[in-house]
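Student: Okay, handing you the structure first.
Every number here is computed from the coordinates shown, using simple stated rules; none is lab data. These figures come from a predicted structure and were not determined experimentally. Backbone-built Cβ (ideal geometry, glycine too); neighbour counts: all protein chains shown.
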Amino acid sequence: MRPSTLYAILMLTLAIVAGAVTVHGRQRALLEMDSSAVRDSLTRALGLTDLCLATEARYTRHPALTDDLAPFMDYPAALEHFPTGLFWAPPR
Amino acid sequence: MREFSEKHLNILDYALSSLWRRKGKNLSVFLVFTFVIFLLASFQFLTRSLLDAAQATLRQTPEITIQYMVAGRQESIPVSYAAKIKDVFGVRKVTARVWGYKFNEVTGSNITVMALAHFPRLDQEVLAEGRFGAKGEKGWAVIGQGVLDDLGLGSRRSFSFFRPDLTLKPFTVSGVFGPESNILTYDLVITGIDDGRDLFGMEATLATDLLVEVVNPLEIATVARKISKALPGTRVVTRPQILKTYEAVFSWRSGFAAICLLSALAAFIILAWDKASGMSPEERREISILKILGWQTPDVLMIRFWESFALALVAFGCGTILAYVHIGYFQALLFRSVMMGWSVLRPGLSFVPVVSFGDLFLLFSLAVLPYLAATVIPAWRCASVATDSALRG
């Protein structure tokens with residue numbers, strides 16, 4: 001068998017795997033949409049503004065309602081020191 | 001056309017055989033390249049999933065939120081401001097809200113406590129058990145799944161928080177949020193506004209912020225501008241601003257992690273350049289023999305291009321599929337410690353990776369194109385050396 005044929009088989013296998021995980025992902029996304037009505041209802045009724053992802057600091061728990069200075073408010077010349085500050089860029 | 005494709009197919013065959021001959025070296029390059037693409041793609045898929053989750057989850061967030069600022073810090077807002085805001089044309093309703101954080105010293109967790117002035121109007125069943133407190137009812141609390149575990153309540157349905165004067169404020173759990181809303185409510189305690197003021201030691205004339213509903217959602221910005229003018233010293237946050245905040249927070253261009261990943265990619269390209277420019281004597285001899293046999297420099301370059309492209313394409317495919325599995329099935333295991341840091345309450349998130357053609361093209365341009373350039377350019381320099389000197393070594 002020519003090497004290019006083997007290579008084509010390899011690429012086809014990768015494409016099939018990629019297709020399978022994407023289809024499975026789509027099905028999960030549809031299931032997620034079922035619970036989006038619950039979340040919509042909650043944000044509307046309770047006035048929620050932020051996702052509960054990082055709960056270590058108030059400026060990463062509620063970035064939408066936090067001003068730019070919140071990470072440095074502890075004392076004059078304070079440094080932002082929470083690990084999530086590396087991942088969460090400051091809101092603009 | 002047939003001749004052209006046959007020629008390239010033959011060159012591809014030769015390039016693949018050449019890759020196989022040096023399988024040790026190429027396998028190490030493949031593994032490192034796959035890992036770099038895996039990291040870049042994981043980061044891209046994760047930030048895209050988070051951004052999509054934020055956009056989908058927060059589309060019903062309050063239209064306008066008013067905070068009171070003193071010396072650059074948020075302070076409690078006088079409830080009397082609500083009357084002034086109601087006078088602004090276009091405002092439908094103003095609601096006072098008290099909220100803040102309680103630190104659980106036993107587990108080291110931060111719990112968000114939110115106290116409502118009104119009975120929430122819900123058009124969906126959002127609680128896994130129980131109900132919200134009725135109007136006038138005291139001491140009730142609806143809690144998130146994380147709070148239930150963090151306080152170690154088990155089958156008990158009462159708990160206490162410390163007031164500022166260190167006396168205990170008791171609560172009875174009247175309901176528990178379902179796990180499908182964990183991304184919003186995992187660390188949340190909802191209670192009545194009088195209990196909230198009692199817990200935080202706040203006067204009845206104050207609130208944490210005011211929520212404003214406008215008559216026409218298209219006029220949010222105009223109404224916000226009017227409120228800002230009518231109440232200097234307040235910070236007015238609108239729904240579009242909240243959504244834009246999440247775009248900025250999850251933008252892959254910002255953030256330290258993106259810089260680290262791009263540094264890893266740059267290091268890999270430097271390595272690829274170094275490997276390609278330091279060709280072994282066997283590789284130089286191979287090029288010389290091909291040229292003696294009548295191959296032109298473009299043909300030799302074509303082999304090098306196909307070698308690099310074939311390897312890069314498989315690495316790209318494997319890297320992106322592994323990244324998809326990492327985000328979709330292992331919930332971003334490698335990034336979770338950076339994303340959640342010292343958080344004690346960590347909702348069990350269920351990411352569904354969102355992959356767009358634009359993201360794949362961006363990854364391809366960021367990783368594969370520089371790699372091709374880093375390998376083909378040194379090959380061109382080697383291919384243009386005199387054949388007799390290369391053969392003599």
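Student: Shape call for the range B:67-150 from the C-alpha gyration tensor, a ≥ b ≥ c root eigenvalues: rounded (a/c under 1.5), prolate (a/b greater than b/c) or oblate?
Tutor: Taking the square roots of the gyration eigenvalues as a ≥ b ≥ c, the range B:67-150 is oblate.
Student: Hey, another quick one. How many nm separate the modelled label positions at residue B:222 and residue A:73, each set 7 Å beyond the Cα in the direction of the Cβ?
Tutor: 3.3
Student: With each pseudo-label sitting 7 Å past Cα toward Cβ, what's the residue B:87-residue B:380 distance in nm, one decimal?
Tutor: For the pair residue B:87/residue B:380, the computed spacing is 7.3 nm.
Student: Each residue of the range A:74-87 in order: what ³J(HN,Hα) in whole Hz does its phi give by Karplus 6.51 cos²θ - 1.76 cosθ + 1.60, θ = phi - 60°, with x for Gly and Pro?
Tutor: Calculated HN-Hα couplings, in order: 4, 6, x, 6, 5, 9, 6, 10, 6, x, 5, x, 6, 8 Hz.
Student: Could I ask something else about it? Please state, as a whole number in µm²/s, the translational diffusion coefficient that the Stokes-Einstein equation yields for chain B at 20 °C and 1.002 mPa s, with Rh defined as the Kirkwood radius across alpha carbon pairs.
Tutor: 83
Student: Where does chain A land at 222 nm, in deg cm²/dmol rounded to the nearest 500, when only DSSP H runs of n ≥ 4 count, each adding -39500 (n - 2.57), divided by all residues?
Tutor: -17000 deg cm²/dmol
Student: What value, in deg cm²/dmol to 500, does the helix sum -39500 (n - 2.57) over DSSP H runs of n ≥ 4 give at 222 nm once divided by the residues of chain B?
Tutor: Mean residue ellipticity at 222 nm (helix-derived): -16500 deg cm²/dmol.
Student: Right, another one. Report, in debye and to the nearest 20, how large the dipole of chain B comes out about its Cα centre when Lys and Arg carry +1 and Asp and Glu carry -1 on their Cβ.
Tutor: 520
Student: Report the calculated FRET efficiency for residue B:334 and residue B:156 (r = Cβ-Cβ distance, R0 = 41 Å), to the nearest 0.05.
Tutor: Given R0 = 41 Å and the Cβ-Cβ separation, E is 0.65.
Student: Could you give me the ³J(HN,Hα) list for the range B:288-295, computed from phi with Karplus coefficients 6.51, -1.76, 1.60 and θ = phi - 60°, whole Hz, x at Gly and Pro?
Tutor: 5, 4, 4, 5, 5, 6, x, 6
Student: In the structure shown, do any of B:135/B:244; B:23/B:275; B:93/B:135; B:7/B:291 have a Cα-Cα gap over 24 Å, and if so which?
Tutor: With Cα atoms farther than 24 Å apart: B:135/B:244.
Student: Once the piece of chain linking residue B:230 and residue B:22 is laid out straight, how much longer is it, given 0.36 nm per residue of separation minus the C-alpha distance between them?
Tutor: 67.5 nm
Student: Here's something else I'd like to know. Using 0.36 nm times the number of residues separating residue B:55 and residue B:163, minus their current alpha carbon distance, what extension gain do you get?
Tutor: Length gained between residue B:55 and residue B:163: 35.3 nm.
Student: Determine the shielding of peptide B:175-184 by partner chains: average, over its residues, the number of Cβ atoms on other chains within 10 angstrom of each Cβ.
Tutor: Mean partner shielding for this stretch: 4.
Student: For the pair residue B:280 and residue B:243, what calculated FRET efficiency results from E = 1/(1 + (r/R0)^6), where r is the Cβ-Cβ distance and R0 = 60 Å, to the nearest 0.05?
Tutor: For residue B:243 and residue B:280, the calculated efficiency is 0.65.
Student: Hey, another quick one. So if R0 is 22 Å, what FRET efficiency would residue B:2 and residue B:295 give, r being the distance between their Cβ atoms, rounded to the nearest 0.05?
Tutor: Here the calculated transfer efficiency is 0.55.
Student: Highest GNM mean-square fluctuation, chain B, Cα pairs closer than 10 Å: which of B:374, B:230, B:115?
Tutor: Looking only at B:374, B:230, B:115, the largest GNM fluctuation is found for B:230.
Student: For chain B, the longest stretch holding no GluC sites (Glu not before Pro) located in a DSSP loop with at most 11 other Cβ atoms within 10 Å is which?
Tutor: By the stated rule (loop sites, at most 11 other Cβ atoms within 10 Å), B:204-393.
Student: Contact order normalised by length for chain A, with contacts defined as Cα pairs under 8 Å and 6 or more residues apart; what percent is it?
Tutor: Worked out over chain A, it gives 16 percent.
Student: Further question on the same structure: When the chain is fully extended, how far beyond the present Cα-Cα distance does residue B:9 get from residue B:271, taking 0.36 nm per residue of separation?
Tutor: 91.4 nm
Student: So, one more: For a label point 7 angstrom out from the Cα of residue B:135 toward its Cβ, which stretches of the range B:170-191 have the backbone nitrogen within less than 14 Å?
Tutor: No residue passes the distance filter.
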